[in-house]
Each structure stands twice: as structure tokens, then as C-alpha cells.
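A short write-up of the structure that comes next.
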Amino acid sequence: MNDTNTTPIPPIDATPSERKLRLRGSMPEGVAYPKEIKSFVRRAGRTTTGQAKALSDIGPRVLLAYQTSAIDFDSAYPIESLASGQNRLKQRPVILEIGFGMGEATAHIASVMPEKNFLCCEVHQPGVGALLKRIGEQDLHNIRIVAHDAVEVIEHMLPLHSLDGVHIFFPDPWHKKKHNKRRLIQQPLIAQLASRLKVGGYLHCATDWQPYAEQILEVLSAEPLLKNTASPGDADLPGFAAKPHYRPLTKFENRGIKLGHGVWDVVFERV
């Protein structure tokens with residue numbers, strides 16, 4: 001994924017201390033530097049004409065700026081039909097999605113769950129543009145996007161007990177053992193997510209890499225604020241859940257299944 005923020009590069013003749021200070025100075029105020037675990041990896045990508053048009057036309061309505069203060073969900077998801085002076089209806093449940101790729105699954109889920117609002121974090125600009133394009137094509141009104149590192153969004157923008165659900169679908173598995181420490185699903189992040197969930201809210205992770213699925217299950221099982229929703233009597237997939245109805249079978253996933261790859265869903269509930 002590409003970070004949408006561009007950081008000025010210090011000159012090559014700068015000392016290590018000078019380079020660090022200049023890079024620190026380029027970070028947004030209130031953001032800790034550096035972060036060892038991020039929700040994204042910088043990758044090359046090209047924004048198409050259609051994606052660029054969606055960024056320009058639909059972006060102002062859907063994109064939310066990153067901030068170091070709590071998000072106002074009422075302002076982020078206004079009820080357009082609310083008449084002047086009328087009491088506001090109860091805010092819809094909010095689902096956080098971390099890393100939506102090109103937005104295929106996100107748009108599908110938002111369309112089949114119109115009674116919920118979705119707050120989606122992604123820094124890959126072509127992916128943001130692709131989801132915005134889908135939002136326009138499908139006339140979706142329950143999605144907002146923060147094009148920023150989800151780790152910092154959780155820490156600064158989401159109050160305790162503010163979420164009804166969290167989706168993390170196919171995070172980078174970091175296959176090599178020496179890179180496992182870079183995986184997103186680790187105890188500190190899960191503890192933060194659990195604290196942001198309302199009682200009864202859920203955390204749903206999915207991966208097609210079995211060693212990562214086993215690590216996810218282990219990490220979530222160790223979090224005292226969460227309990228597994230999977231049936232303990234399932235001998236074939238102990239601890240893992242059946243694919244929930246709302247998560248679609250994407251082209252990526254379908255291709256993997258045809259190649260003999262498995263997909264594991266892990267669904268825990270906040271207690």
C-alpha cells in the first residue's frame with residue numbers, strides 16, 4: 001500500500017541525527033515517531049483516471065481528515081433527511097475496517113448492511129480511489145475513509161467503547177519467520193481494539209495463511225476482554241468460525257481456493 005502523505009527526504013550528506021530530526025519535523029503534530037508496527041506497507045501503484053475522478057468528485061464527501069482528537073460520528077455520518085429542529089435519530093452502529101485493498105469486499109458489505117456505518121482505514125491511494133469509485137457507482141452513503149495509518153487512528157480518533165465491530169481481512173502475512181514480528185495482529189493492537197469495542201461488539205479477522213491464522217487465534221484468545229464465538233465442538237476447524245454471511249467471496253479469495261488454499265475466519269466478541 002502507498003502512504004498518501006509525502007515526506008520530504010533529507011539530503012544524502014546529512015548526518016544520521018540531522019536526518020532523524022528532519023524526518024521527525026515532517027510528521028503531523030501529536031503523532032508518535034517512529035512506529036514499529038503499522039497497518040500498511042508502502043508499495044508501488046498507479047491511480048487510474050476513474051479513480052482520480054472519484055477522488056476529486058466523491059472524496060470531499062467521504063474522506064475524513066486524520067486528527068489527534070476523537071472523531072465526531074454525528075458529524076461524520078450526517079442523517080441527510082433530518083429536518084431542521086428535529087431530534088436526531090440514534091446513531092447507527094459503527095464498524096471499523098483496517099486495510100480494505102481495492103474495496104471490493106467493503107462496498108459489498110456496506111451494501112448488504114445499510115443499517116451500519118463503516119469507518120475504513122487505507123493509505124494505498126489507488127485502493128482509496130477504487131473504493132470511492134464503487135461508492136459512486138453503488139450510491140453508498142454509509143462509508144467514510146481515513147487515508148491514514150489505522151494504528152494511529154485507533155489510538156487518537158476512537159474513544160473507548162465507540163465501535164460495534166472491527167473487520168481485518170487478509171492482512172499482510174509476512175510469510176518469512178524473521179518478518180513475523182511485522183504482522184499487524186499482535187497483542188498491543190488487539191488490546192487497543194478490544195477497549196474500543198462496546199460490550200457485545202465483535203472483531204472479525206480473515207486470512208488465507210494458516211500459520212498467521214493460528215497466531216491470530218492465539219493472540220485473540222489471550223485477550224481477556226474477548227471471547228471466541230466459534231463452536232468448541234467443531235473438530236475440523238477448532239477455534240475458527242464459519243465464514244459470516246456478510247463477507248463476500250472475492251476474486252482474490254476464489255482464485256486461492258481454486259489453487260487449494262484455505263481461508264480461516266476468526267470472530268471474537270467483546271465481553
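The values are calculated or read from the model by the stated rules, or taken from the named source; none is laboratory data. Bear in mind that the values here come from a model prediction, so they are computed numbers and not experimental data. FYI the Cβ positions are ideal-geometry reconstructions off the backbone, even for glycines, and counts take in every protein chain you see. The area values use the complete protein model at the heavy-atom level, side chains included, leaving out ligands, DNA and RNA. Shrake-Rupley method; radii C 1.70, N 1.55, O 1.52, S 1.80 Å.
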In Å², nearest 10: area of LYS178 left accessible to a 1.4 Å probe: 140
query: Where in region 232-271 does the amide nitrogen come within less than 15 Å of the point 7 Å from the Cα of PHE73, taken along Cα to Cβ?
result: 270
- request: Would you tell me the accessible area of SER56, worked out with a 1.4 angstrom probe on the heavy atoms of the protein chains, in Å² to the nearest 10?
  value: 80
query: Solvent-accessible area per residue for region 191-242 at a 1.4 Å probe radius, Å²?
result: 48
task: Work out, step by step, the length gained on full extension between LYS227 and HIS245: first 0.36 nm times the residue separation, then minus their alpha carbon distance; give nm to one decimal.
output: 4.5 nm
Reduced Cα scattering model of region 48-189, Debye log10 I(q)/I(0), q = 0.09, 0.16, 0.20, 0.21 Å⁻¹: -0.29, -0.88, -1.30, -1.39
statement: Set LYS90/LYS181; LYS177/LYS251; LYS178/LYS198; LYS181/LYS243, cut-off 30 Å on Cα-Cα distance; pairs above it are LYS90/LYS181; LYS178/LYS198
- line: Here, GluC sites (Glu not before Pro) of region 86-141 satisfying both criteria (DSSP loop; at most 12 other Cβ within 10 Å) are GLU115
Accessible surface of region 86-220, 1.4 Å probe, proportion on carbon and sulfur as whole %: 53
message: If a paramagnetic tag sat 7 Å from the Cα of GLU218 along the Cα-Cβ line, which residues of region 166-200 would have the backbone N under 11 Å from that point?
response: none
message: At 1.4 Å probe size, put ASP139, ASP172 in order of accessible surface, largest to smallest.
response: ASP139, ASP172
